[in-house]
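The values are calculated or read from the model by the stated rules, or taken from the named source; none is laboratory data. These numbers were taken from a predicted model, which means no experiment stands behind them. FYI the Cβ positions are ideal-geometry reconstructions off the backbone, even for glycines, and counts take in every protein chain you see. Quick note on the areas: whole protein, heavy atoms, side chains included, nothing else; ligands and nucleic acids left out. Shrake-Rupley method; radii C 1.70, N 1.55, O 1.52, S 1.80 Å.
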Amino acid sequence: MINNCKIPYAEWWRRLIGNFIDTLVVSIPSVLYKVLFIFILPIVFTRCEKEPDPITIPDDNFLNALIELGVDTNGDGVISPAEAEVITTLDVSGENISDLTGIKAFVNLDTLWCSGNQLTSLDVSKNTLITRLSCWSNQLTSLDVSNNTALERLSCDGNQLTGLDVSKNTLLILLDCINNQLSSLDVSKNTALDMLLCSRNQLTGLDVSKNTLLTSLECYINQL
């Protein structure tokens, strides 16, 4: 049969070997490409993925206080979102801080002490898990706690507040707003109140008829 073939046996064998080699050469890169795309590239891209930007904290005293407290766990001199998110209690009182920008990143805060500083504003709108907020002895002219519905204890005495809306803070047990400039205070929605301290303001009226759980009320030096 070989003698009857149009292609000589030697030529046929050479072509067979050649085709096998060509197939092997083509298939090896194909396998390598599959390995590259399935196993290697995901690892490379994972390692090269950009880290989240650090939290913007313009007040050096605030940043230094956080570093001193050990919030900067990797020691790079900045606070990352991941480092902030694990903090549940934060005390930066008496640190000469005038700007608490960056506090919003601490989304899991349960307790925040920032008293005895020079704060003129305080944005805790993103700190919705806070149950205790102590910001007394600052220079706050306003304080919005409408998003802090879990709040149980609020101490904001010794500021310059002209108004304070606690209607959304129905879990409040303690409210201390002594020594501000409040002309009115509505606590009708705060039926869980146990202690209300609102002395040294400019209150002309105070209705506590709905606060049946009150055990301590101080409202002296007002215009009642």
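If you count only protein heavy atoms with a 1.4 Å probe, what accessible area per residue comes out for segment 134-224, rounded to a whole Å²? Spell out each step's value before the answer.
Working: 4370 Å² over 91 residues.
I get 48 Å² per residue for segment 134-224.
Assuming R0 = 22 Å, what is the FRET efficiency of K104 and K168, from their Cβ-Cβ distance, to the nearest 0.05? Write down the numbers at each step before the final one.
On the way: r = 18 Å, r/R0 = 0.83.
Efficiency computed from Cβ-Cβ geometry: 0.75.
Taking every pair of Cα atoms in segment 66-115, average 1/r, invert it to obtain the Kirkwood radius, and report Rg/Rh to two decimals.
0.92
Once label points are set 7 Å from the Cα along Cα→Cβ at both E85 and S188, what is their separation, rounded to one decimal in nm?
Distance between the two pseudo-spin positions: 4.2 nm.
Taking the Cα atoms of segment 148-190, report the difference between the largest and smallest coordinate on each principal axis, in whole Å and largest first.
24, 16, 14
Hey, rough spin-label estimate for M195 and S121, points 7 angstrom out along Cα→Cβ, what's it come to in nanometres?
Label-label distance for M195 and S121, simple model: 3.2 nm.
Contour minus end-to-end for D144 and L214, with contour as 0.36 nm per residue of separation and end-to-end as the Cα-Cα distance? Show your work: numbers first, answer last.
Numbers: separation 70, 0.36 × 70 = 25.20 nm, distance 2.38 nm.
Result: 22.8 nm gained on full extension.
When each pair of different Cα atoms in segment 62-152 is counted once in the 1/r mean, what is the Kirkwood radius in angstroms, to one decimal?
Values: mean 1/r = 0.0758 Å⁻¹.
Here the Kirkwood hydrodynamic radius works out to 13.2 Å.
Using the Cα atoms of segment 112-199 to build a convex hull, what is its mean projected area in square nanometres?
On the way: hull surface 18.7 nm².
Quarter of the Cα hull surface area: 4.7 nm².
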